[in-house]
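Engineer: Once you've had a glance at the structure underneath, I'll fire off some questions.
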Amino acid sequence: MRKRASAEVKETRQPPRPVQSGVLVTGASGGIGRAISLAFAHVGWFVGVHYHQGKKSAEETLRQVCAVAGTGSLHQADLRVSEAVQQMVEAFVRTAPDVTALVCNAGVGGGGLVLRQQDDDWSNIIATNLTGTFHCLKAIGPILLGRGGGSIIVVGSHAAYFGSRGQSAYAASKAGLIGLVKTVAREWGAGNVRVNLLLPGWHRTALSEGAYPDDQEWRDHALRHPPSLNEVARTAVHLAQTQDVSGQVWNCDSRAL
């Protein structure tokens, strides 16, 4: 059965300070997405806050963004549906003053050993994390290329390189993002569109619940601690503003790749 495309936009404006650029952040309803949204707001960016089902949490993200930057917009879309993503991007372009960046942060997890992995769960995780990112890139690519450049940051995972017991679909979807990012970086580099992969490390979010490490010594981390969420968010902003880096993997913690 074909899913119905849907996209919703709600704009909130207050007297803002001068807005530098516009960034659309997927999966911005909480956790890493909210932190990244606020980091962009703190440097004066117009922030498009995307969500799929967590509307109330996304509205809180937008409220915080507007309290900082004075301006932003709310967007609902199922990233698994290409038409919904296209409508979301078009709505964002209509509301943002200058579309400069995209942060593909939305993702879902799921547990299960390979021999116990349910087909439906596998398909949903791949469709959201990998195909959903593809839909976002395909929708915004012509816009950034048409304006002479821009930045795309895709949020990946350390699991893409080393796997994660009981997380086969999640690790596979994140591994696919590596090839996707490096390919798009090559295809769009001549148009000054920079595409990079960001590995945020461990953070206590709804996605990591049940999988967050119990080992407080963090033996596999050289610094013996996970990264700060604020530092990860600031790194995303830095990547969006960097003009000469593309096709790279930025690891935000102290584990080796």
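Engineer: List the helices (runs of 4 or more DSSP H) inside the stretch 45-150, counting only whole elements, that have at least 2 residues being closer than 21 Å to residue 234 by Cα and modelled with pLDDT of 95 or more.
Structural biologist: On the way: elements: 55-69, 82-95, 119-126, 132-146.
It comes to 55-69.
Engineer: Take the stretch 229-253 and flag every residue that is more than 17 Å from the chain's Cα centre (by Cα) and at pLDDT below 90.
Structural biologist: 253 - this is the single residue of the stretch 229-253 that is more than 17 Å from the chain's Cα centre (by Cα) and at pLDDT below 90.
Here is a yes/no grid of residues against (1) within 14 Å of residue 50 (Cβ to Cβ); (2) in contact with a strand residue (DSSP E or B) (Cβ under 8 Å, 6 or more places away or on another chain); (3) crowded, with 24+ Cβ neighbours inside 10 Å:
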{"site": "87", "(1), (2), (3)": "yes, yes, no"}
{"site": "102", "(1), (2), (3)": "yes, yes, yes"}
{"site": "111", "(1), (2), (3)": "no, yes, no"}
{"site": "118", "(1), (2), (3)": "no, yes, no"}
{"site": "121", "(1), (2), (3)": "no, yes, no"}
{"site": "133", "(1), (2), (3)": "yes, yes, yes"}
{"site": "162", "(1), (2), (3)": "no, no, no"}
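The values are calculated or read from the model by the stated rules, or taken from the named source; none is laboratory data. Predicted model only: the values in this text are computed from it and were never measured. So basically every Cβ, Gly included, is an ideal-geometry build from the backbone, and we count neighbours across all protein chains shown.
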